[in-house]
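Undergrad: Next up is a structure, given as structure tokens.
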Amino acid sequence: MDQPYYPINDFGPVMKGLVIGGLGTLHVFTAQFAVGAGILLCYFQWLAQTGRSAAAREFLRGYFRFLVLVAFVIGALTGVGMWFTAIQISARTIGTMVREFHWIWAAEWTFFCLEVVSGYAFYRCAERLSDRDRFTLLILYTTAAWMSLFLINGILSWQLTPGDWPATRLVWDGFFNSSFWPSLLYRTVAAMTIASLMACVVINTLTDMPLEARKELIHRAASLLVFMVLMPALGIWYFRVIPADSRSWLLGGSAAMTMFTIATVGVSLLIGLYALVGLIGGRLYVNIATAALLCALAFGATGGGEFIREGSRKPYSIRQTLYSNSIVPGDVAHLRAVGSVTHDPYPLRDAGQYPDDQLRLGAKVFRFQCSICHTLDGINGLVHLTGRWTLDQKRMNIAKLQHTKPFMPPFSGTAEELEALVQMLTWERAGRPASWAAPPATGAASRIRAWLEEAGTAPVRPPAG
């Protein structure tokens, strides 16, 4: 077994997960806006061509310009940025996804191209087309955008609920997994919600239009928000089909996950209540400040939802297949015997800053096993997290990592590597002195080996239920 190694980019005090999470939230928000916008545009084109709304045509022009700017430009740039960043942070995860679903990725890219071409054709030619042709073009755009969501959703949901795929390795066993449908339907409703709230912003910029006409357009756009009543049922459905340990992180097993879950549900509930009671029931007029605030809340809920989706997979990046630090579960025992960085070909950056070889070894172990989710002394920094632990506490807690923190993978190295990591963290905590004499460690290696043996190589799972 040869462990693959990849260059790992470093973002200093910023946790890698925050970099890809922030970029991912912006991309998901704009991508879902593009999907929902297609549905909304079809609805308004129907209103215009059937004579049900005299102001709908003007809205279509303004809204599509906004869609091109936000979804086409920002969405496309962040999409490329997601690939670039993900490859730098977790190349093995992305490589596995592409290897298993390359034809689905290719189909998704084809639908994305169709989405862009049909959308741009509408943007450039709509004024010269008949109502029937405009509607056909919008249907084409909407279908392509939703199919892109359909295909991406299958791959993303597979990461948490791979279904029978680990045993069969059949693409469709992984794609149509247990969380596929609740996730797809929830994202579709979220897409319509975002598009409707964005519409309220755009309508307020049509200052040449009479106030009564703008009110009518807002009430029309708000009609898509009625589908938010489905969100609680879809959320419960999703919650029930995800693994038991994933549910446990959301219900108190991880303080951060629980807080994000509460905040995301709370924000979504506030938006839904305002939409149903105020916009649909009370037919309130939404000014641009309120509309922008609602969009900001929706963006926050999107970020919270993505954090929950990513975090609920812990300790995996691909469940049962790949740990979050890109180590295959079946390789843990082997790496404990031969060392996790024994064959790592990449030198340390500024290796000369470390006073001895043991600290350099510890730095390589940190880079390989820890740095995807942790920094040294920045956000989620190990120096701070372990700062109050004694040397033996560090040794034991890291050796029994999956028991100490059940949402983390097992330590996958030798006793000597673990000791090197402990010494490196202690040296960092001491202020990185120019010379370093490791504190006496009589019998430390044998104790570490005993703790590693006691911990085992499997992740810790809560009881089912």
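Quick grid of which residues meet (1) among the acidic types (D, E); (2) crowded, with 16+ Cβ neighbours inside 10 Å:
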site	(1), (2)
E127	yes, no
L156	no, yes
Q159	no, yes
D173	yes, yes
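Undergrad: List, please: which pairs have Cβ atoms under 6 Å, are six or more places apart or on different chains, and start with a residue in the range 274-288 that is without any contact (Cβ under 8 Å) to a residue 40 or more places away in the chain and end with one that is assigned to a loop (DSSP other than H, G, I, E, B)?
TA: Here the result reads G278/L284, each pair linking the range 274-288 to a residue that is assigned to a loop (DSSP other than H, G, I, E, B).
Undergrad: With respect to W181, is the statement that it is assigned by TED's automatic domain parsing to the domain that holds C113, closer than 28 Å to L273 by Cβ, surrounded by fewer than 18 Cβ atoms within 10 Å (Cβ to Cβ) and of a type outside the set (D, E, K, R) true?
TA: Yes, satisfied.
Undergrad: If I ask for residues that are crowded, with 18+ Cβ neighbours inside 10 Å, under 28 Å from the mean Cα position of the chain (by Cα), within 19 Å of L224 (Cβ to Cβ) and of a type in the set (A, V, I, L, M, F, W, C), which ones from the range 259-298 would you list?
TA: Result: V267, I271, A275, A291, L294, C295, A298.
Undergrad: I'd like to know if the range 290-309 contains one or more residues that are more than 30 Å from R461 (Cβ to Cβ), assigned to a helix (DSSP H, G or I) and among the β-branched types (V, I, T).
TA: Yes: one or more hits.
Undergrad: Can you spot a residue in the range 97-105 that is under 23 Å from the mean Cα position of the chain (by Cα), assigned to a helix (DSSP H, G or I), at pLDDT below 90 and under 30 Å from Y316 (Cα atoms)?
TA: no
Undergrad: Given the conditions (1) closer than 18 Å to G330 by Cα; (2) surrounded by fewer than 21 Cβ atoms within 10 Å (Cβ to Cβ); (3) touching a residue at least 60 places away in the same chain (Cβ under 8 Å), report the number of the one that K400 does not fulfil.
TA: Unmet condition: (3).
Undergrad: Taking the conditions exactly as written (part of a helix (DSSP H, G or I) and either within 23 Å of H374 (Cβ to Cβ) or modelled with pLDDT under 95 (or both)), does R313 satisfy them or not?
TA: no
Undergrad: Can you name every one of the helices (runs of 4 or more DSSP H) wholly within the range 187-273 that holds 3 or more residues which are touching a helix residue (DSSP H, G or I) at 6+ places or on another chain (Cβ under 9 Å) and within 20 Å of S157 (Cβ to Cβ)?
TA: It comes to 231-241, 244-248, 255-273.
Undergrad: Hey, another quick one. Checking the condition touching a strand residue (DSSP E or B) at 6+ places or on another chain (Cβ under 7 Å) and not assigned by TED's automatic domain parsing to the domain that holds F29, which residue from H374, H343 passes?
TA: H374
Undergrad: Which members of the range 316-353 meet the condition of being of a type in the set (K, R) and out of contact with any Pro (no Cβ under 6 Å at 6 or more places or on another chain)?
TA: Matches in the range 316-353: R336, R349.
Undergrad: Just wondering, is there one or more residues in the range 441-455 that are part of a loop (DSSP other than H, G, I, E, B) and under 26 Å from G252 (Cβ atoms)?
TA: No; the residues of the range 441-455 include none that is part of a loop (DSSP other than H, G, I, E, B) and under 26 Å from G252 (Cβ atoms).
Undergrad: Please list, ordered by first then second residue, the pairs with beta carbon atoms under 9 Å, 6 or more apart or interchain, first in the range 136-147 and of a type in the set (S, T, N, Q), second outside any helix (DSSP H, G or I).
TA: Cβ pairs passing all conditions: T136/L129.
Undergrad: State yes or no: is T110 surrounded by fewer than 16 Cβ atoms within 10 Å (Cβ to Cβ) and among the β-branched types (V, I, T)?
TA: Taking the combined requirement at face value, the residue satisfies it.
Undergrad: Would you be able to say whether some residue in the range 55-69 is touching a residue at least 40 places away in the same chain (Cβ under 8 Å) and not in a helix (DSSP H, G or I)?
TA: Yes, there is a match, as at least one residue in the range 55-69 is touching a residue at least 40 places away in the same chain (Cβ under 8 Å) and not in a helix (DSSP H, G or I).
Undergrad: What do you reckon, is L418 touching a His at 6+ places or on another chain (Cβ under 8 Å), surrounded by 21 or more Cβ atoms within 10 Å (Cβ to Cβ) and of a type outside the set (S, T, N, Q)?
TA: no
Let's see how each residue does on (1) within 24 Å of T96 (Cα to Cα); (2) crowded, with 21+ Cβ neighbours inside 10 Å:
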| position | (1), (2) |
| --- | --- |
| G305 | yes, yes |
| E310 | yes, no |
| K314 | yes, yes |
| A333 | yes, no |
| S340 | yes, yes |
| P355 | no, no |
| T375 | no, yes |
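The values are calculated or read from the model by the stated rules, or taken from the named source; none is laboratory data. These numbers come from a predicted model, not from an experiment. In this analysis, Cβ positions are derived from the backbone assuming ideal geometry, glycine residues included, and neighbour counts consider all displayed protein chains.
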